[in-house]
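So the structure is just underneath, and the comments pick up after that.
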Amino acid sequence: ASARYSDENTYDGSEPLREPVCIEFENVGLSIKDKGRTQIIQDINGAFPPASLCALMGPSGCGKTTFMNAMCNKASYGKVTGTVRINGKVDGLSGLDSLIGFVPQDDTVHVNLTVYDNLYYSAFARLPASMSKEEKLQEIETCIKVLGLEKVHHCLVGDAEKRGISG
């Protein structure tokens, strides 16, 4: 469903921005392209239900990022095995690389920029060149609204040494 916008070109929350999806995975594995095809992860099964927030947790080095890279077709350094289904469709992620992402374990934002500035930088660096400036600005505003960042959009992100939007 497409989102509805008010006269001020802001998302009004009346419809979902994207249709919810169910992601299921069976026997997902990844082996590194070396002489012996070293198996890094193997036989991972599960699902991310529609319209849910999922957290992948575990100790450092257990394969969380490797698993997400494999799931998102971003593991060019290895051979991915297993089946991933999007709403029941096998290989539903094919061709969607530019729409898929996840929050990595390390921050990838600029701590000395505001929330808005970080989104602006990302939008103009990542969104298609064919999008107009106005469309990109609208995407930034929609993102701020959907994430509930209106009250902090003008605040510095900060880091462990310099407090910002997070304590």
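The values are calculated or read from the model by the stated rules, or taken from the named source; none is laboratory data. For clarity, every value in this text was computed on a predicted model and none was experimentally measured. Note that each Cβ is placed from the backbone with ideal geometry, even for glycine, and that neighbours are counted across all protein chains shown. Remember, those area values only see protein heavy atoms, side chains included, never the ligands or the DNA or RNA. Shrake-Rupley method; radii C 1.70, N 1.55, O 1.52, S 1.80 Å.
Taking the criterion of being under 14 Å from the mean Cα position of the chain (by Cα) and part of a helix (DSSP H, G or I), the only residue of region 43-66 that qualifies is T65.
Across region 71-88, what is the total count of residues that are outside any loop (DSSP other than H, G, I, E, B), farther than 17 Å from E26 by Cβ and open to solvent by 30 Å² or more (accessible area, probe 1.4 Å)? Steps first, please.
First, the residues of region 71-88 that are outside any loop (DSSP other than H, G, I, E, B): 71, 78-86.
Next, from what is left, pick out any that are farther than 17 Å from E26 by Cβ: 78.
Cutting the leftovers down to open to solvent by 30 Å² or more (accessible area, probe 1.4 Å) gives us none.
Matching residues across region 71-88 total 0.
What number of residues within region 116-149 satisfy the criterion of being under 22 Å from A51 (Cα atoms), open to solvent by 60 Å² or more (accessible area, probe 1.4 Å) and either charged (D, E, K, R) or more than 16 Å from the chain's Cα centre (by Cα) (or both)?
Taking region 116-149 and keeping what is under 22 Å from A51 (Cα atoms), we get 139-149.
Within this subset, residues satisfying the condition of being open to solvent by 60 Å² or more (accessible area, probe 1.4 Å) are 139, 141, 145-147.
Narrowing the set further to residues that are either charged (D, E, K, R) or more than 16 Å from the chain's Cα centre (by Cα) (or both) leaves 139, 141, 145.
Total satisfying the criteria: 3.
Modelled with pLDDT of 85 or more and under 19 Å from the mean Cα position of the chain (by Cα): does that describe C22? Taking the combined requirement at face value, the residue satisfies it.
Taking the conditions exactly as written (touching a strand residue (DSSP E or B) at 6+ places or on another chain (Cβ under 7 Å) and modelled with pLDDT of 90 or more), does N45 satisfy them or not? It is true that N45 is touching a strand residue (DSSP E or B) at 6+ places or on another chain (Cβ under 7 Å) and modelled with pLDDT of 90 or more. Note on region 44-54: residues that are touching a residue at least 24 places away in the same chain (Cβ under 8 Å) and surrounded by 11 or more Cβ atoms within 10 Å (Cβ to Cβ) total 5. Those residues that are surrounded by fewer than 12 Cβ atoms within 10 Å (Cβ to Cβ) and of a type in the set (G, A, S), I need them from region 56-70; list them, please. Correct list: G58, S60, G61.
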